[in-house]
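**Student:** My structure is below; once you've seen it, I'll send some questions.
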Amino acid sequence: MLKDKNILIGITGGIAAYKICGLIRLFKKNGANVKVTATPNALNFVTELTLSTLSQEQIYTEQFNTKDRKPEHIALCDWADVFVIAPASANTIGKIANGLCDNLLTSLACAFQKQLFVAPAMNTGMYNNIAVQKNIETLKITGVKIIEPDTGFLACGTNGVGRLAEIDRIYKCIEDYFQQNSVLKGKKIVVTAGGTKENIDPVRYIGNYSSGKMGTAIADAAAAYGADVTLIKTFPLNRSYRTVDVKSAQEMFHAVSDEFLQKNADILVMTAAVADYKPEICENLKIKKENNDELTIKLVKNPDILQEMCKKKNASQQIIGFCAESNNLLEYAKEKIQKKGCDYLIANDISSKDTGFSSDYNEVYVIDKNLKTTKIDKDTKQNIAMKIMELLYGKN
Ligand SMILES: Cc1cc2nc3c(=O)[nH]c(=O)nc-3n(C[C@H](O)[C@H](O)[C@H](O)COP(=O)(O)O)c2cc1C
């Protein structure tokens, strides 16, 4: 599984740094290419000579080394398939969670757009510190995979949580990731995300509260499963897969028709919150406030993208719809999947304050054509997206 994979290992200043020598050997033994970046503090715990001998590569520590005209943090990001920070100190976790880039390792973590793994290792007090836990949670909701520490005897002489995960477990996480990465290889997936904006005049629009986080998580999960992803979105976002920007439901309709029907993609996931109605007339000039107390805007129906795509798709294409309801969730969802004719419908309850629109968390029901319903309990949107992929396409 790891043969010829490019693995970048990041080592920080923790006592468990020496254990990474074993991890480098394990990766190398199984055919991976390994490069190592280390914080200056990490080199107090393990020597450059040891690391470079084991990885058979130079060790990258210098942020301002641009000898081949490409800064190291860009060149290494391009090279690596995954980036594994182990051990990850409380200090470095805090910096990455807050986008700080004061050394090569933290700059790499900030610039890296593929899968980042972080294996925290520290004293129990540090690990349980609220700020550290908050930073770990921030990393989780931005899609970083945390390799949870073990509980046991720590170097500081105490027993508790904070021990670096066993090397075999770290290795297994990376192996599982690459295995997962081959499940949808060769499949083209189109995902829509965000709320559409329907213009009233050049400065005003009718919109909705959709943040696009669930759709982004779905696109990220599909990419992690190895799919060729196109994300049609209504908000700014940088990703290594293809993205297409749209604003209105009409623009989204054209983009989806083009990417899914014309280009014959395999799967469409309609996560976007598409406006059902738009103003009949979009004024060319800003509407001025007049003396009258009322303004009437006539709304007309937008195309129903999900229904249209379900009608026009060919037999081998698959469509997954999303629905957001504030009451009678399952009843409406089951009606909707039958009416629209999609293969699966993911239903989420937007009445709950801590899940749904704009939240980093969600709780969903996955309904299939036969109305078989599977609940996925509350979790980060990233984990919900991975669980949806696992449910629909299996682990490998
Ligand atoms: C002997 C020793 C062991 C340490 N072990 C850890 C550790 O396991 N985890 C941790 O988060 N910090 C540990 N620290 C503290 C870090 O080295 C310190 O926070 C440092 O600033 C981390 O720098 P870095 O994140 O840039 O590598 C240790 C410090 C010393 C002196």
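**Student:** Just for segment 89-101: of the residues that are in contact with a Ser or Thr (Cβ under 6 Å, 6 or more places away or on another chain) and in contact (Cβ under 8 Å) with a residue 60 or more places away in the chain, which one is nearest to ALA165 (Cα to Cα)?
**Tutor:** Across segment 89-101, the extreme among qualifying residues is SER89.
**Student:** Quick one: which of ALA275, ALA219, ALA223, ALA265 is in the same structural domain as SER326 (by TED's automatic domain parsing) and within 21 Å of LYS336 (Cα to Cα)?
**Tutor:** Going through ALA275, ALA219, ALA223, ALA265 in turn, just one is in the same structural domain as SER326 (by TED's automatic domain parsing) and within 21 Å of LYS336 (Cα to Cα): ALA275.
**Student:** Here is a further query. Looking at ILE74 and the list (1) surrounded by 19 or more Cβ atoms within 10 Å (Cβ to Cβ); (2) away from the ligand (no atom under 13 Å from the Cβ); (3) hydrophobic (A, V, I, L, M, F, W, C), which single condition is not satisfied?
**Tutor:** (1)
**Student:** Restricting the first residue to segment 71-82 and requiring it to be at pLDDT 85 or above, which pairs with a second residue that is in a helix (DSSP H, G or I) and surrounded by 20 or more Cβ atoms within 10 Å (Cβ to Cβ) meet a Cβ separation below 6 Å and a spacing of at least six or different chains?
**Tutor:** From segment 71-82, the pairs are LEU76/LEU108.
**Student:** Of all the strands (runs of 3 or more DSSP E) wholly in segment 181-253, which have at least 3 residues that are open to solvent by less than 30 Å² (accessible area, probe 1.4 Å)?
**Tutor:** Passing ranges, in order: 188-193, 228-233.
**Student:** I want to confirm something. Restricting to segment 4-32 and keeping residues that are under 25 Å from the mean Cα position of the chain (by Cα) and open to solvent by 40 Å² or more (accessible area, probe 1.4 Å), which single residue is farthest from the ligand (Cβ to nearest atom)?
**Tutor:** Among those residues, the one meeting the criterion is ASP4.
**Student:** Here is a list of conditions, (1) within 16 Å of the ligand (Cβ to nearest atom); (2) under 22 Å from LYS3 (Cβ atoms), and TYR177 meets all of them except one; can you say which number that is?
**Tutor:** Every condition holds for TYR177 apart from (1).
**Student:** Okay, next question. In segment 361-382, is there at least one residue being open to solvent by less than 40 Å² (accessible area, probe 1.4 Å) and under 20 Å from ASP304 (Cβ atoms)?
**Tutor:** Within segment 361-382 (the criterion being open to solvent by less than 40 Å² (accessible area, probe 1.4 Å) and under 20 Å from ASP304 (Cβ atoms)), the answer is yes, since at least one residue qualifies.
**Student:** Here's a follow-up. I'd like to know if segment 117-133 contains one or more residues that are more than 10 Å from the ligand (Cβ to nearest atom) and crowded, with 23+ Cβ neighbours inside 10 Å.
**Tutor:** yes
**Student:** Limited to segment 159-174, what total is found for residues that are open to solvent by 50 Å² or more (accessible area, probe 1.4 Å) and assigned to a helix (DSSP H, G or I)?
**Tutor:** The total comes to 3.
**Student:** Another one. Yes or no: ARG163 within 20 Å of LYS19 (Cα to Cα), more than 16 Å from the ligand (Cβ to nearest atom) and among the basic types (Lys, Arg)?
**Tutor:** Spelling it out, it is not the case that ARG163 is within 20 Å of LYS19 (Cα to Cα), more than 16 Å from the ligand (Cβ to nearest atom) and among the basic types (Lys, Arg).
**Student:** While we're looking at this one, here's another question. Within segment 42-49, identify whether any single residue is more than 29 Å from VAL132 (Cβ to Cβ) and open to solvent by 20 Å² or more (accessible area, probe 1.4 Å), and answer yes or no.
**Tutor:** yes
**Student:** Among the residues of segment 102-153, how many are assigned to a loop (DSSP other than H, G, I, E, B) and over 23 Å from the mean Cα position of the chain (by Cα)?
**Tutor:** Total satisfying the criteria: 6.
**Student:** Can you go through ILE350, ILE388, ILE376, ILE320 and tell me which one is more than 20 Å from the chain's Cα centre (by Cα) and among the hydrophobic types (A, V, I, L, M, F, W, C)?
**Tutor:** Going through ILE350, ILE388, ILE376, ILE320 in turn, the sole match is ILE350.
**Student:** Now a separate question. (1) assigned to a helix (DSSP H, G or I); (2) farther than 26 Å from CYS77 by Cβ: which one isn't true of CYS156, the others all being true?
**Tutor:** (1)
**Student:** May I pose another question? Is one or more of the residues making up segment 48-58 more than 11 Å from the ligand (Cβ to nearest atom) and in contact (Cβ under 8 Å) with a residue 60 or more places away in the chain?
**Tutor:** No: segment 48-58 contains no residue that is more than 11 Å from the ligand (Cβ to nearest atom) and in contact (Cβ under 8 Å) with a residue 60 or more places away in the chain.
**Student:** Mind counting the residues in segment 142-158 that are away from the ligand (no atom under 15 Å from the Cβ) and in contact with a Phe, Trp or Tyr (Cβ under 9 Å, 6 or more places away or on another chain)?
**Tutor:** So the count comes out to 2.
The values are calculated or read from the model by the stated rules, or taken from the named source; none is laboratory data. Because the structure is a prediction, the values reported are computed rather than measured. We place every Cβ from the backbone using ideal geometry, glycine too, and count neighbours over all the protein chains shown. For accessibility, only protein heavy atoms count, side chains too; no ligands or nucleic acids. Shrake-Rupley method; radii C 1.70, N 1.55, O 1.52, S 1.80 Å.
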